[in-house]
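The structure appears right after this line, and notes come after that.
The values are calculated or read from the model by the stated rules, or taken from the named source; none is laboratory data. What you see is a predicted model; the values in this text were computed from it and never measured. Reconstructed Cβ throughout: ideal geometry from the backbone, glycine too, with neighbour counts over all protein chains shown.
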Amino acid sequence: MPLLIAPSILSADFSNLKAGIDMINTSEADWFHVDVMDGVFVPNISFGFPIMKALKEHAQKMLDVHLMIVEPDRYIEEFKKAGAGLLTVHYEACTHLHRTLQNIKHHGMKAGVAINPHTPISALADIIRDIDVVLVMSVNPGFGGQKFIPHTFDKVLRLKQLIIESSAKTKIEVDGGVDLDNALPLMRAGADILVAGNTIFSSPNPKECIKFLKDPL
């Protein structure tokens, strides 16, 4: 089964954002990946609701919104209004994760949980059946263009095993340093969705790059 591909709009040319949106709309990509950073949970600040509004108006595919922020519960309803179809919060940022996931679903969105490179898969064992998507960070969150952490392959394998053993329907998403070389090994390890930013937007032919990532066999 082909991978789902979610190009990270953070890597697009912001002087011509509409061109990046149009490229994703007319490509074989499945989702828009939207990174929201607050400068507190991660050492960087990205866009917020004004950019989300523009994406909602022009994007023809689901908005996969990744919150790298503290206190994400405060903004769940606002991100629903801004067009999020999948809202992912960080395990490390949520004191009451089950409550947060239920709140996301209550507002009609799919609920995702991201885990940093240091967070073990075992931390999700008691809640895996409540998660629609686990986003495995294959770099330390906060900046694009970082080098892929090889330990991610083993982490995806162990997460896949947990999902199977729990009879869960959770999908596995990988974000950070995804490129043309590691897409196939990630798929074989059990990944269902790949986020790619620099790899796609720095390519001479972004649409062909998306096509290859989607089916790297």
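Brief remarks on what is shown
- Cross-chain or 6+ apart pairs with Cβ under 6 Å, segment 99-111 first and surrounded by 14 or more Cβ atoms within 10 Å (Cβ to Cβ), then in a loop (DSSP other than H, G, I, E, B): 100/94; 110/132; 111/132
- Any hit, segment 134-151, residues being of a type outside the set (Val, Ile, Thr) and in a helix (DSSP H, G or I): no
Here is a yes/no grid of residues against (1) closer than 27 Å to residue 15 by Cβ; (2) in contact with a Pro (Cβ under 9 Å, 6 or more places away or on another chain); (3) among the β-branched types (Val, Ile, Thr):
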position: 51; (1), (2), (3): yes, no, yes
position: 57; (1), (2), (3): yes, no, no
position: 61; (1), (2), (3): yes, no, no
position: 65; (1), (2), (3): yes, no, yes
position: 72; (1), (2), (3): no, no, no
position: 83; (1), (2), (3): yes, no, no
position: 98; (1), (2), (3): no, no, no
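- Listed by first and then second residue, the pairs linking a residue in segment 151-171 that is on the phi > 0 side of the Ramachandran plot to a residue that is assigned to a helix (DSSP H, G or I), with Cβ atoms under 9 Å apart and 6 or more places separating them unless they lie on different chains, are 167/129.
- Restricting segment 152-184 to residues that are of a type in the set (A, V, I, L, M, F, W, C) and outside any helix (DSSP H, G or I), the residue that is farthest from residue 204 (Cα to Cα): 168
- Scope segment 48-81; condition touching a Phe, Trp or Tyr at 6+ places or on another chain (Cβ under 7 Å), modelled with pLDDT of 95 or more and within 15 Å of residue 32 (Cβ to Cβ); matching residues: 59, 61, 62, 63, 64, 65
- Complete set of residues in segment 6-25 that are out of contact with any Asp or Glu (no Cβ under 9 Å at 6 or more places or on another chain), surrounded by fewer than 13 Cβ atoms within 10 Å (Cβ to Cβ) and in a helix (DSSP H, G or I): 14, 15, 16, 18
- Checked against (1) surrounded by fewer than 22 Cβ atoms within 10 Å (Cβ to Cβ); (2) of a type outside the set (Val, Ile, Thr); (3) closer than 21 Å to residue 9 by Cβ, residue 90 passes all but condition (1).
- Residue satisfying all of: in segment 26-69; closer than 24 Å to residue 206 by Cβ, among the charged types (D, E, K, R) and within 18 Å of the chain's Cα centre (by Cα); surrounded by the most Cβ atoms within 10 Å (Cβ to Cβ) among these: 64
- Given (1) under 20 Å from residue 195 (Cα atoms); (2) outside any helix (DSSP H, G or I); (3) without any contact (Cβ under 8 Å) to a residue 60 or more places away in the chain; (4) more than 14 Å from the chain's Cα centre (by Cα), number of the condition residue 85 does not satisfy: (4)
- Number of the exception - residue 95 against (1) in a loop (DSSP other than H, G, I, E, B); (2) surrounded by 15 or more Cβ atoms within 10 Å (Cβ to Cβ); (3) more than 15 Å from the chain's Cα centre (by Cα): (2)
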